[in-house]
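The values are calculated or read from the model by the stated rules, or taken from the named source; none is laboratory data. In this text, all values refer to a predicted model and were calculated from it rather than measured experimentally. Cβ placement follows ideal geometry from the backbone for every residue including glycine, while neighbour counts extend to all protein chains displayed. SASA here: full protein model, heavy atoms, side chains in, ligands and nucleic acids out. Shrake-Rupley method; radii C 1.70, N 1.55, O 1.52, S 1.80 Å.
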Amino acid sequence: QVQVVESGGGLVQAGGSLRLSCAASGSIFRINTVGWYRQAPGKQRELVATITSGSNTNYADSVKGRFTISRDNAKNTVNLQMNSLKPEDTAVYYCNARTVVANVWGQGTQVTVSS
């Protein structure tokens, strides 16, 4: 079984930066892909970025060039570095870990970008 916990959210001014972390525990060797998703008030949850076990990455068009997803295998974490933040990046950010048999979500962390 896999569990994930997010950290690193907060309040930042437009143009600022934040770094989110997703810590995985349990049967982490079963994880194929880890992704960050976000959900703004009144909107559907959307993909932000994903990284595979082979470190292949994928980004939403809205964050390309501003966000970077990376993995630290020694710490069993996946990080999301967010630069040049915009008010429209405001949302609850969720970590997702996928295995062959499970799709695991964290509780989410709030990111608020003020204009």
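Looking only at segment 20-40, how many residues end up being exposed (fewer than 14 other Cβ atoms within 10 Å of the Cβ), in contact with a strand residue (DSSP E or B) (Cβ under 8 Å, 6 or more places away or on another chain) and either without any contact (Cβ under 8 Å) to a residue 24 or more places away in the chain or in a strand (DSSP E or B) (or both)?
Number satisfying all stated conditions: 1.
Filter segment 10-38 for residues that are touching a Gly at 6+ places or on another chain (Cβ under 8 Å) and either over 19 Å from A102 (Cα atoms) or small (G, A, S) (or both) and give the result.
Passing the criteria: L18, R19, L20, S21.
Taking the options Q81, Q107, name whichever one is assigned to a loop (DSSP other than H, G, I, E, B) and open to solvent by 20 Å² or more (accessible area, probe 1.4 Å).
Q107
Would you call S70 surrounded by 11 or more Cβ atoms within 10 Å (Cβ to Cβ), more than 16 Å from Y37 (Cα to Cα) and modelled with pLDDT of 95 or more?
Answer is no for this residue.
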